[in-house]
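The values are calculated or read from the model by the stated rules, or taken from the named source; none is laboratory data. The model shown is predicted, which means the values in this text are computed figures rather than measured ones. Quick reminder, even Gly has a Cβ in these numbers, built from the backbone with ideal geometry, and neighbours come from all protein chains shown.
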Amino acid sequence: MRIQKIPCIVYLCLLPLLITLGFWQLHRAEEKQILMNSQKKAAKTETLQLSISSNSDIDSIRYQTVIAQGHYDAHHQFLIDNQIKGGKVGYFVLTPLILKDEKIAILVNRGWLPLNQDRRILPEVKVPEHFRDVEGRVNRFPSVGIKLAGAEIPTDAWPSVVQVVDSEILAKKLGYPLFNFQMELNNNAPDGFIREWQTPPPMQPEQHQAYAIQWFALALTLTIGFIVFSIKKINE
């Protein structure tokens, strides 16, 4: 009576993998449910007046409409590189809005601009610096598909080009603190560029749960198959 080594090794390798994938899908289902709850809550919540005492927990205020009083720091703006829109590469323009009577700023995403054929020529992003009310939607900073080493380090010149936004690093370059989220400028607000803010429709939690059941079912099938195979080998 000998247990076959290779089938046993394959089983012991695959079983934890399948179970892990099942629990990962359950975790994703929980995340999507939290996201959907945040979207529903934001839609019902009145416009929030942004101040230094505002809640900085992005998960609790994501997609909420906010209004801020202050002035743009037009001489210190950031261009978020490698942003795709309509199949074209370009930049998102993040402009610090320094809040009135407060020593903190929020990065306002004023929209998307296409990349110049000559990368050395950056787009024109001038904006008046008078005091104003700016209204927009709270969201996470723009992301990229693959984060390369050093992608969060901005270039020296202004406007400064960066691929991955780290608010602490950008605040250090600016010399004043920043909120850890961005404001997506309203589509009808002045001094903006191409703005097509969307709330990506997430995969429903039920779909993730269905995938989890499939992974667990595969784990069960694998276990039954291994037991049947082992019994046959023992009886031979």
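Which residue pairs have Cβ atoms under 7 Å apart, sit 6 or more places apart or on different chains, and have a first residue in the range 215-234 that is touching a residue at least 12 places away in the same chain (Cβ under 8 Å) and assigned by TED's automatic domain parsing to the domain that holds Leu18 and a second that is outside any helix (DSSP H, G or I) and among the β-branched types (Val, Ile, Thr)?
Hits for this filter: Ser230/Ile3.
Report yes if some residue within the range 154-161 is surrounded by 15 or more Cβ atoms within 10 Å (Cβ to Cβ), among the aliphatic types (A, V, I, L, M) and within 23 Å of Val66 (Cβ to Cβ); otherwise report no. Lay out the reasoning, then the answer.
First, pick out the residues of the range 154-161 that are surrounded by 15 or more Cβ atoms within 10 Å (Cβ to Cβ): 154, 158-161.
Then keep just the ones that are among the aliphatic types (A, V, I, L, M); that gives 161.
From what's left, within 23 Å of Val66 (Cβ to Cβ): none.
No, because not a single residue in the range 154-161 is surrounded by 15 or more Cβ atoms within 10 Å (Cβ to Cβ), among the aliphatic types (A, V, I, L, M) and within 23 Å of Val66 (Cβ to Cβ).
For the range 155-168, which positions are assigned to a loop (DSSP other than H, G, I, E, B) and either modelled with pLDDT under 90 or over 19 Å from the mean Cα position of the chain (by Cα) (or both)? If you could, list the steps in order and put the result at the bottom.
Step one: list which residues in the range 155-168 are assigned to a loop (DSSP other than H, G, I, E, B), which gives 155-159, 163-166.
The answer is Thr155, Asp156, Ala157, Trp158, Pro159.
In the list Asp73, Asp59, which residue meets the criterion of being in contact with a helix residue (DSSP H, G or I) (Cβ under 8 Å, 6 or more places away or on another chain) and outside the structural domain of Asp166 (by TED's automatic domain parsing)? I'd like the intermediate steps shown before the answer.
Numbers: Asp73 fails: outside the structural domain of Asp166 (by TED's automatic domain parsing).
Answer to the selection: Asp59.
Across the range 46-100, what is the number of residues that are closer than 21 Å to Glu196 by Cα, out of contact with any Ser or Thr (no Cβ under 9 Å at 6 or more places or on another chain) and not β-branched (Val, Ile, Thr)?
Summing the residues that are closer than 21 Å to Glu196 by Cα, out of contact with any Ser or Thr (no Cβ under 9 Å at 6 or more places or on another chain) and not β-branched (Val, Ile, Thr) in the range 46-100 gives 13.
State whether the residues of the range 107-115 include one that is loosely packed, with under 14 Cβ neighbours inside 10 Å, at negative phi and not acidic (Asp, Glu). Let's see the steps before the verdict.
Filtering the range 107-115 for residues loosely packed, with under 14 Cβ neighbours inside 10 Å gives none.
No; the residues of the range 107-115 include none that is loosely packed, with under 14 Cβ neighbours inside 10 Å, at negative phi and not acidic (Asp, Glu).
Looking only at the range 82-91, filter to residues that are part of a strand (DSSP E or B) and not hydrophobic (A, V, I, L, M, F, W, C); which one of those is farthest from Phe181 (Cα to Cα)? Quick ask: steps written out before the conclusion?
Looking only at the range 82-91, we keep the residues that are part of a strand (DSSP E or B), and these are 82-85, 88-91.
With the extra rule that they be not hydrophobic (A, V, I, L, M, F, W, C), the set shrinks to 82-83, 85, 88, 90-91.
Details: Asn82: 19, Gln83: 18, Lys85: 21, Lys88: 25, Gly90: 21, Tyr91: 18 Å.
So, considering only residues that are part of a strand (DSSP E or B) and not hydrophobic (A, V, I, L, M, F, W, C), the one farthest from Phe181 (Cα to Cα) is Lys88.
Just to check your reading of the model, which residue among Leu113, Leu94, Leu79, Leu107 is at pLDDT 90 or above, over 19 Å from the mean Cα position of the chain (by Cα) and assigned to a strand (DSSP E or B)?
Only one candidate qualifies: Leu113.
Does the range 85-134 hold any residues that are out of contact with any Leu (no Cβ under 9 Å at 6 or more places or on another chain) and of a type in the set (S, T, N, Q), and which are they?
Quick first cut of the range 85-134, residues out of contact with any Leu (no Cβ under 9 Å at 6 or more places or on another chain) only: 85-87, 98, 100-103, 112, 114-115, 117-121, 126-131, 133.
Of everything in the range 85-134, just one residue is out of contact with any Leu (no Cβ under 9 Å at 6 or more places or on another chain) and of a type in the set (S, T, N, Q), namely Gln117.
If Ala219 meets every condition in (1) outside any helix (DSSP H, G or I); (2) of a type in the set (A, V, I, L, M); (3) modelled with pLDDT of 90 or more; (4) more than 16 Å from Val108 (Cβ to Cβ) apart from one, which number is that one?
Of the numbered conditions (1) outside any helix (DSSP H, G or I); (2) of a type in the set (A, V, I, L, M); (3) modelled with pLDDT of 90 or more; (4) more than 16 Å from Val108 (Cβ to Cβ), the odd one out for Ala219 is (1).
Going by the conditions given, is Phe131 over 16 Å from Trp158 (Cα atoms), among the aromatic types (Phe, Trp, Tyr) and in contact (Cβ under 8 Å) with a residue 24 or more places away in the chain?
yes
Just a yes or no: is a residue in the range 126-141 surrounded by fewer than 15 Cβ atoms within 10 Å (Cβ to Cβ), within 23 Å of Lys40 (Cβ to Cβ) and not β-branched (Val, Ile, Thr)?
yes
Just for the range 184-221: of the residues that are surrounded by 15 or more Cβ atoms within 10 Å (Cβ to Cβ) and small (Gly, Ala, Ser), which one is nearest to the chain's Cα centre (by Cα)?
Gly192
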